[in-house]
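Please treat every number below as a calculation from the coordinates, not as lab data. Since the model is a prediction, treat every value here as computed from it, not as a measurement. All Cβ positions, glycine included, derive from the backbone under ideal geometry; neighbour counts span all protein chains shown.
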Amino acid sequence: MIDEVSFRVQAGNGGKGSVHFRREKYAPRGGPDGGDGGDGGSVYFVSDPNLTTLRFFSGKDRFAAEHGRRGGMARKHGENGEDIELRVPVGTVVEVVSGKDERKGALFADLDARDMRVCVARGGHGGRGNWYFRSPTNTTPRTAEPGTPGEARWLRLSLKVLAQVGLVGLPNAGKSTLLSILTAAKPAIAAYPFTTVSPNLGVLTEYSASLVIADIPGLIEGASRGKGLGIAFLKHIERCELLVYVLFPQDWVLAVVPGERKIGETIWKQREQLRAELAAFSPRLLQLPALMVFNKIDLLSQEEIESIRLFFRTKRVALIPISGATLTNIEGLRRAIVRQYNNVHNSK
Ligand SMILES: Nc1nc2c(ncn2[C@@H]2O[C@H](COP(=O)(O)OP(=O)(O)OP(=O)(O)O)[C@@H](O)[C@H]2O)c(=O)[nH]1
Ligand SMILES: [Mg+2]
């Protein structure tokens, strides 16, 4: 994974102002009419949630925007140089360094949210043409400004790892419980929805691997339109390399007589609901490798758990049944997370 690069950004210089005098058939000694130079183009970074690495920049040394053009006769303004926009992943930290190999720099920008637009090198201003310098005492100015230089600097970009693994699920699914079991984190856990109001991070350590797991507030239907709390925190899982969906039998499901719950279909719908909310926020979230976990199996009979598993199997989705309360199959889940993470991470 490419998560550190350096290169130079160079904005365009302002174009020269023009020195020119009007020439018309019947006015041989026309006045000054030199136009202003155009402004130089600037270089911008834009944070794009569809990017996950800085790979695009590797091996590149310099990005330059266009210079402004010269001013022309008849007070013609020179064309502005075009800006360039470089797309970077959310979580990109930008530092100013003194050269390619410099490791430590001064913080310049932190693109920690999507769709941020930051100017990293400002284009120069166009110089004023001689028309601008005319006056009653100087009707034939032969001066014009040269235009100011565009900014240039070396930048070092690095990618802030927020979490490698993200837990997603409806409120009360048992996400925080799982985080506390899999890691040493001590998040608040309670029997009511929206216990978690801001993301919790924990570190899962297994042999030499250590994975940061993020537990975010539960997502509800309409979350992507701003309902509940979860949506604001989805940006924290955008850069995860693996999602763990936490499904569970909700109270209203348990209230139905076991034979009439249509349990497989109900839990499948829960998965669909979660995926719809994720997709509405960013379709890329559905492309992420994912594990499907079914929690709270202590509340169901063996037959029901099996029927859910079979229902998912007909949809070709593997389900990992667990219980955060009785710790059933937690080791299996831990191994599945580490194995799946290693698979996706090493294939990058
Ligand atoms: N019976 C049973 N209860 C569980 C299990 N896992 C968690 N719970 C309970 O479910 C409730 C919700 O657990 P949390 O871990 O707070 O759920 P959450 O998904 O983080 O909820 P929000 O932060 O509100 O989105 C708590 O009362 C837990 O004790 C389980 O495997 N079985
Ligand atoms: Mg929680």
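Structure notes:
- Set against the 2.2 N^0.38 Å expectation for a compact globular protein, the range 1-160 has a Cα radius of gyration ratio of 1.37.
- If the chain linking residue 260 and residue 206 were pulled fully straight, counting 0.36 nm for each residue of separation and taking away their Cα-Cα distance, it would gain 15.3 nm.
- Counting only DSSP beta bridges whose two residues both lie in the chain, roughly 55 percent are antiparallel.
- Taking only alpha carbon atoms, the range 165-346 gives an Rg to Rh ratio of 0.93, where Rh is the Kirkwood radius.
- Annotation note: trypsin sites (Lys or Arg not before Pro) in the range 1-72 located in DSSP loop regions with a Cβ neighbour count of at most 14 within 10 Å are 23, 25, 29, 60.
- Chymotrypsin sites (Phe, Trp or Tyr not before Pro) lying in DSSP loop within the range 239-348, provided at most 15 other Cβ fall within 10 Å: none
- Expressed as a fraction of 2.2 N^0.38 Å, the value expected for a compact globular protein of N residues, the C-alpha radius of gyration of the range 113-195 is 2.54.
- 19 Å Cα-Cα reach of residue 104 towards aspartates and glutamates, excluding residues that sit fewer than 8 places from it in its own chain: 3, 4, 61, 95
- Per residue, the chain reaches -5500 deg cm²/dmol at 222 nm when only DSSP H runs of four or more residues are counted, each adding -39500 (n - 2.57).
- Of the chymotrypsin sites (Phe, Trp or Tyr not before Pro) found in the range 1-55, those that fall in a DSSP loop while having at most 11 other beta-carbon atoms within 10 Å are 26.
- Placing +1 on the Cβ of every Lys and Arg and -1 on the Cβ of every Asp and Glu, with no other charges, gives the range 1-160 a dipole of roughly 840 debye about its Cα centre.
- Exposure proxy ranking, count of Cβ atoms within 10 Å, fewest first, for 238, 82: 82, 238
- Each residue in 125, 67 was given a count of other beta-carbon atoms within 10 angstrom of its own, and listing them fewest first yields 125, 67.
- Cross-link partners of residue 262 among aspartates and glutamates (Cα-Cα below 15 Å; sequence separation of 8 or more within a chain): 251, 303, 304, 306
- Net length gained if the chain between residue 287 and residue 73 were fully extended (0.36 nm per residue, minus Cα distance): 71.4 nm
- Once the Kirkwood radius over Cα pairs is known for the chain, the Stokes-Einstein relation at 20 °C and 1.002 mPa s delivers a diffusion coefficient of 89 µm²/s.
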